[in-house]
Amino acid sequence: MKKSQVLEQAKGQFSAKQVKQFERAIEIASKAHAGQKRASGEPYVTHPLAVASLLIDWGLDIDTVIAGVLHDTIEDTNLTLEDIEREFDHDVALLVDGVTKLGKLRKGMRDINSYLPKTKDNLTKFLIAIGEDVRVVIIKLADRLHNLQTLQFLPHDKQQKIARESLEIFAPLADRLNMGRVRVQLEELSFSYLDPHRYKYLKKQMKNRLGRSSKKLDSVREHITRELGQAKIPHQLDGRIKSVYSLHKKLVKTDQNIDAIYDLIALRIIVDDKDLCYQVLGLIHSLFTPMPSRIKDYISSPKQNGYQSLHTTVLTPEEHIVEFQIRTAQMHDYAERGLAASFHYNEQKLTDAYSKGKIAKMPANLQWISDLQTVAARLSAGEEVDVEQLKINLFSDKVFVYSPNGDIFELPIGSSPLDFAYRIHSDIGKNAYAFKINGKLVGFDYKLTTGDVIEVLTRRSIKPSLDWLKWLQTPKAKQKVRSSIKKNGK
């Protein structure tokens with residue numbers, strides 16, 4: 001990423017005065033990072049420029065974009081927080097400071113070699129940092145995305161570590177913020193490094209399947225376009241292809257049967273308002289036979305992260321199965337950019353609330369951020385806060401646990417230590433005979449909680465049994481146990 005490119009990009013979104021501020025930030029970052037190189041051999045400043053470019057693309061405010069280009073200066077150069085505040089303002093300095101703190105917290109969590117109380121303290125601080133200003137997390141997502149885009153220049157072990165952390169921490173975080181496009185990018189890049197053979201295989205499978213379906217889909221598209229035109233409904237119609245990682249997860253649930261997956265490609269219809277969404281749904285159901293179990297109304301009942309859309313799967317007269325998604329332009333923008341879109345659409349700009357030192361009023365689906373902000377404000381004021389209050393669930397259906405050397409793993413709620421053992425490696429799972437959680441022996445039926453540090457004890461003589469299935473939560477682990485039992489003839 002070159003300075004001229006990102007400046008040209010900024011001119012399309014910001015005022016001349018703001019662009020001048022941004023250019024000054026680039027000059028400061030370039031001078032501070034002078035002589036530093038990335039693993040690719042490029043000047044280091046190409047990274048913060050790329051981060052700023054992503055933030056512009058996502059529609060963030062100028063303070064966030066400036067902080068994006070300066071985000072590594074405090075940790076990696078001689079520039080101080082006071083320098084940044086003097087040159088720009090308090091908001092930019094706070095954002096840069098927040099990103100720096102998040103980086104240190106992640107390193108602290110990785111470096112823990114035995115169970116210590118500060119493991120949970122670090123997670124607490126991580127959540128509080130999010131609460132102080134959620135834009136810090138959005139900058140961190142941009143930072144992580146660009147690091148993944150240039151991951152090929154790092155050694156294999158670092159590729160694996162960064163890819164796993166991205167898939168298990170940052171992609172779910174993007175999803176919680178409803179930043180769908182970012183989540184998909186993080187997942188696809190991470191998966192391509194963690195399981196390159198599977199990634200390439202599924203990509204080929206999708207290409208073959210989509211090639212066979214394209215003509216069928218074109219005829220449905222033409223039919224719908226004609227009918228919407230006759231009904232005088234202004235609309236945009238395009239296709240959405242399922243991501244490789246989403247296909248991988250779906251195949252695990254369908255015993256690897258790709259023919260059982262109906263939403264490999266979906267037609268997306270974007271209209272002007274909510275009423276038209278339902279009108280289009282009725283039109284589609286009058287033309288094709290709907291599958292009742294696959295009609296989803298996420299407009300009247302949005303997903304937890306705020307996602308809104310109507311979904312329906314229909315059977316055409318030619319017996320082709322097609323999925324439709326119907327939404328407004330604002331719903332679509334929010335599905336793609338999530339919280340970043342809120343900066344654009346909210347009547348009370350989140351940036352204005354931050355600049356006035358107030359806790360921003362979040363959309364209802366992002367109330368967890370407001371809750372975190374309340375806790376952060378109380379801690380900043382020196383008040384005592386019960387740590388139990390921080391069970392504001394950022395990842396409502398996940399637990400985050402640690403290996404003895406500090407690596408962090410995401411697992412579904414209800415997972416057992418055996419799930420964790422199989423997550424590390426199938427050989428560790430099948431030979432597990434005991435577990436230590438936070439230094440104490442526990443049974444196979446123990447339910448993991450966020451912050452647990454797990455040590456797996458193994459013996460080669462141990463073989464999986466049918467009893468293990470009742471303790472497992474993850475499909476992959478169950479599949480491995482069944483395969484081992486079949487192989488052993490038990």
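Listed here are the residues, each with its yes/no results for (1) buried (at least 17 other Cβ atoms within 10 Å of the Cβ); (2) modelled with pLDDT under 85; (3) more than 22 Å from the chain's Cα centre (by Cα).
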{"position": "93", "(1), (2), (3)": "yes, no, yes"}
{"position": "118", "(1), (2), (3)": "no, yes, yes"}
{"position": "124", "(1), (2), (3)": "yes, yes, no"}
{"position": "127", "(1), (2), (3)": "yes, yes, no"}
{"position": "162", "(1), (2), (3)": "yes, no, no"}
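In this structure, does residue 175 turn out to be outside the structural domain of residue 330 (by TED's automatic domain parsing) and at pLDDT below 85? The answer is yes for residue 175.
Within the range 400-416, residues that are closer than 17 Å to residue 429 by Cβ and among the charged types (D, E, K, R) sit with their Cβ atoms under 8 Å from residues that are surrounded by fewer than 16 Cβ atoms within 10 Å (Cβ to Cβ) and modelled with pLDDT of 75 or more, at 6+ positions apart or across chains, in these pairs: 407/161. (1) out of contact with any strand residue (DSSP E or B) (no Cβ under 8 Å at 6 or more places or on another chain); (2) surrounded by 15 or more Cβ atoms within 10 Å (Cβ to Cβ): which one isn't true of residue 293, the others all being true? Evaluating residue 293 over (1) out of contact with any strand residue (DSSP E or B) (no Cβ under 8 Å at 6 or more places or on another chain); (2) surrounded by 15 or more Cβ atoms within 10 Å (Cβ to Cβ) leaves (2) as the failure. Pairing each residue of the range 182-201 that is buried (at least 23 other Cβ atoms within 10 Å of the Cβ) with any residue that is not in a helix (DSSP H, G or I), provided the two are 6+ apart or on different chains, yields C-beta distances under 7 Å for 187/243. For the range 276-311, filtering for residues that are assigned to a helix (DSSP H, G or I), more than 27 Å from the chain's Cα centre (by Cα), of a type outside the set (S, T, N, Q) and over 15 Å from residue 228 (Cβ atoms) leaves 1. What pairs come out if I take residues in the range 35-49 that are free of Cβ contacts under 8 Å to residues at least 40 places away in the same chain and more than 17 Å from residue 65 (Cα to Cα) and pair them with residues that are in a loop (DSSP other than H, G, I, E, B) and not hydroxyl-bearing (Ser, Thr, Tyr) whose C-beta lies under 6 Å away, six or more apart or interchain? That search, which allows pairs on different chains as well, returns 44/33; 44/36; 44/38.
Determine whether the range 228-241 contains at least one residue that is in contact (Cβ under 8 Å) with a residue 24 or more places away in the chain, over 30 Å from residue 164 (Cβ atoms), over 29 Å from the mean Cα position of the chain (by Cα) and part of a helix (DSSP H, G or I). The answer is yes; a qualifying residue exists. Residues in the range 430-444 that are surrounded by fewer than 16 Cβ atoms within 10 Å (Cβ to Cβ), without any contact (Cβ under 8 Å) to a residue 60 or more places away in the chain and of a type outside the set (A, V, I, L, M, F, W, C): 433, 440, 443. No other residue among 239, 211 is at negative phi, modelled with pLDDT of 80 or more and not polar (S, T, N, Q) apart from 239.
Scanning the range 473-490 for residues that are surrounded by 12 or more Cβ atoms within 10 Å (Cβ to Cβ) and either in a helix (DSSP H, G or I) or hydrophobic (A, V, I, L, M, F, W, C) (or both) gives 475, 476, 477, 478, 479, 480, 481, 482, 483, 484, 485. Within the range 445-472, the set of residues being within 31 Å of the chain's Cα centre (by Cα), in a loop (DSSP other than H, G, I, E, B) and crowded, with 17+ Cβ neighbours inside 10 Å comprises 446, 448, 450, 451, 452, 472.
The values are calculated or read from the model by the stated rules, or taken from the named source; none is laboratory data. Quick caveat: nothing in here was measured; it's all calculated off a predicted structure. Here Cβ is always computed from backbone atoms with ideal geometry, including for glycine, and neighbour counts include all displayed protein chains.
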